[in-house]
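The values are calculated or read from the model by the stated rules, or taken from the named source; none is laboratory data. Source: prediction; values computed, not measured. All Cβ positions, glycine included, derive from the backbone under ideal geometry; neighbour counts span all protein chains shown. Ligands, DNA and RNA are stripped out before the accessible areas are found, and what is left, the full protein with its side chains, is counted by its heavy atoms. Shrake-Rupley method; radii C 1.70, N 1.55, O 1.52, S 1.80 Å.
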Amino acid sequence: MKDLSVTGVTKAFGPQDVLRGVDLAVPHGSFTAILGASGSGKTTLLRIVAGFERPDEGEVRLGDEVVDDAGHRFVPCQHRRIGYVPQEGALFPHLSVGRNVAFGLGRGPSRKERVDELLELVGLSGFRRRYPHQLSGGQQQRVALARALAIEPDIVLLDEPFASLDAALRASVRADVLDVLRLAGTTSILVTHDQDEALSMADQVAVLRHGVIAQLDTPAALYGHPEDPELARFLGESNVLEGEVRDEVALTALGPLDLGGWGGPAAGGRARVMVRPEQIALGEVVDGSVEGTVASYEYFGHDAVVRVRSGAEGLPELVVRVAGGVPPEPGRRVGLSVRGPVVAWPMEPAEPAGSPE
């Protein structure tokens, strides 16, 4: 196992800047997700780490070894001991499962034993003689993972490997893959545009935005304390209100909300305040409570997303997540309250009218 360090990496394709100075540290034995919208450059970054692409500037280091410094030093991909799992698995259709897994292994008496060990690890012990077309999509991805692990890599790279699977299968396959990687103790990097996937699988998540890492943190810290409103919205539904911060309390149209000691604009002043949907509780209308009217809802069984409109000044339509039970019907009046601390970001002061540009 080795750690990975990416420092100041840039990459452009013609006039298009894709990566604009990426810094990323991945500890050995950890699972890191690189999360970004389509076109954010996350696959390009993964290909640079693998050695399929060269950066224009910057350095890539595996353990103590510099494998690419965009100048004199370059270690080809086949010498980096990196396992790569592409989007579609990319299995050889004319080779059996066993021969697909063994593709990168040298010939020798331990070859068959190693293949059997890997197939058992990914839960496909009886599939050695089958061919890719005889497997489900999830089984094909597990074979691709076994092939990537066959060379005992220092790091495994996964390029949106679950994107082609349906929702139900995707959840079970990614759980299987995560179990295998944990058992193997391999340093792993997953590229994905799926926020749920990144937050549920990774030890740390790096959000790639506008060619740089906008924030690198644990899933809980990233979801609970995003660096700015744009990140908050990207990481899940959120209600962003305007308010005034005084003594670590945000005064908003939903009432005074606790900042929980979070650093934010603690000195006071105008702020944007984030309230996650699951923090808002719906109840009976009582004297002094903030009122709203249910506009619509989406029911998912385990929970429901309810949209609530309020006549309170400065309060936008709110998104509320209600766990279990049957959500209130549209048109019903409800009382609104907020549970737990919220996050706030200082607002830039507005320029006075007529100020020079």
| message | Scan the range 278-288 and tell me whether some residue there is open to solvent by less than 50 Å² (accessible area, probe 1.4 Å), under 27 Å from PRO330 (Cα atoms) and free of Cβ contacts under 8 Å to residues at least 24 places away in the same chain. | response | no
| task | Return a yes/no flag: does the range 89-103 have any residue that is surrounded by 16 or more Cβ atoms within 10 Å (Cβ to Cβ), under 30 Å from THR44 (Cβ atoms) and of a type in the set (Gly, Ala, Ser). | result | yes
| task | Please give the number of the condition VAL286 fails out of (1) hydrophobic (A, V, I, L, M, F, W, C); (2) under 24 Å from the mean Cα position of the chain (by Cα); (3) not in a helix (DSSP H, G or I). | result | (2)
| message | Which numbered condition in (1) assigned to a strand (DSSP E or B); (2) open to solvent by less than 20 Å² (accessible area, probe 1.4 Å); (3) closer than 30 Å to GLU57 by Cβ; (4) not basic (Lys, Arg) is the only one that ALA198 fails? | response | (1)
| Would a scan of the range 125-136 turn up a residue that is at pLDDT below 90 and either surrounded by 17 or more Cβ atoms within 10 Å (Cβ to Cβ) or hydrophobic (A, V, I, L, M, F, W, C) (or both)? | no
| remark: In the set GLN215, GLN139, the lone residue that is among the polar types (S, T, N, Q), farther than 29 Å from LYS112 by Cβ, without any contact (Cβ under 8 Å) to a residue 24 or more places away in the chain and not in a loop (DSSP other than H, G, I, E, B) is GLN215
| query | Can SER110 be described as out of contact with any helix residue (DSSP H, G or I) (no Cβ under 8 Å at 6 or more places or on another chain), open to solvent by 60 Å² or more (accessible area, probe 1.4 Å) and either farther than 26 Å from LYS42 by Cβ or not β-branched (Val, Ile, Thr) (or both)? | reply | yes
| Looking at this structure, is ASP203 over 26 Å from VAL320 (Cα atoms) and touching a residue at least 40 places away in the same chain (Cβ under 8 Å)? | yes
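In this structure, is LEU181 assigned to a helix (DSSP H, G or I) and surrounded by 18 or more Cβ atoms within 10 Å (Cβ to Cβ)? Explain how you work it out, then say what you get.
On the way: assigned to a helix (DSSP H, G or I): yes; surrounded by 18 or more Cβ atoms within 10 Å (Cβ to Cβ): yes.
Yes: the conditions hold for LEU181.
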| task | Inspect all residues belonging to the range 56-66 and state whether any of them is farther than 23 Å from VAL177 by Cα, open to solvent by 40 Å² or more (accessible area, probe 1.4 Å) and hydrophobic (A, V, I, L, M, F, W, C). | result | no
| message | Within the range 228-251, does at least one residue satisfy the condition of being in a loop (DSSP other than H, G, I, E, B), open to solvent by less than 30 Å² (accessible area, probe 1.4 Å) and in contact with an Asp or Glu (Cβ under 7 Å, 6 or more places away or on another chain)? | response | no
